[in-house]
Amino acid sequence: MPDKKTIEKAQKDKREGKSPTTQAGEFVHEEIDKIRRGEHGARSTKQAIAIGLSEARRAGVDLPPPKKGKAKESTRKSAEYAYEAGQGERKTQRRPKVSKAVSEVLEHEPKSTASHQALSRQTKGAASRRTVKERSAAAKKAAETKGASGRSAAARKAAQTKGAAGRKKAARKAAETRAGRT
């Protein structure tokens, strides 16, 4: 069951007009945090993400299941069930024995699947399966929806993470910009 805070964050994202995948990202973040805290593990990073997406669908995020041929049939069926449950089209059945069995299995899975390295590998792999055009379109859309203040904050963060040389360069650029304005 997702935390109340996670559901509130997803609802805030929805009010701000963000996409269903962004809303679902809140649930994926929560799942990664659970694994890092040691509440349970996951066989792979993909599984951790899938659990988060399932939680999002069950919580009512309008994230349709994958189309036929895009994912395994069992995965698709599971996603369909979660989506229908979240949209109120289906009443979920309580299955305590199954729930307990799944929890016990997940407890024995590795926790390293939520490490920074594992997530980085997963992200790079997923990005490499997309074309340059698709990645570019996604970046442009992200820049549009971020807004001016969001872009400014992202630029500041990028400058901080680039190390001392990056910070110096960013500081010079900012000083030049201020000098040009006055």
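In table form, for the structure just shown:
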quantity: Those helices (runs of 4 or more DSSP H) lying entirely in segment 1-94 with at least 1 residues in contact with a strand residue (DSSP E or B) (Cβ under 8 Å, 6 or more places away or on another chain) and over 23 Å from LYS141 (Cα atoms); calculated: 73-86
quantity: Neighbours by Cβ (under 9 Å, 6+ apart or cross-chain): first from segment 147-161, without any contact (Cβ under 8 Å) to a residue 60 or more places away in the chain and assigned to a helix (DSSP H, G or I); second of a type in the set (Lys, Arg) and surrounded by 11 or more Cβ atoms within 10 Å (Cβ to Cβ); calculated: ALA153/LYS146; ALA154/LYS146; ALA159/ARG167; ALA159/LYS169; ALA159/LYS173; GLN160/ARG167
quantity: Cβ pairs under 8 Å, 6+ apart, first in segment 114-135 and without any contact (Cβ under 8 Å) to a residue 40 or more places away in the chain, second surrounded by fewer than 10 Cβ atoms within 10 Å (Cβ to Cβ) and part of a loop (DSSP other than H, G, I, E, B); calculated: none
quantity: Any hit, segment 30-40, residues being among the aliphatic types (A, V, I, L, M), modelled with pLDDT of 95 or more and surrounded by 14 or more Cβ atoms within 10 Å (Cβ to Cβ); calculated: yes
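The values are calculated or read from the model by the stated rules, or taken from the named source; none is laboratory data. Predicted model only: the values in this text are computed from it and were never measured. Quick reminder, even Gly has a Cβ in these numbers, built from the backbone with ideal geometry, and neighbours come from all protein chains shown.
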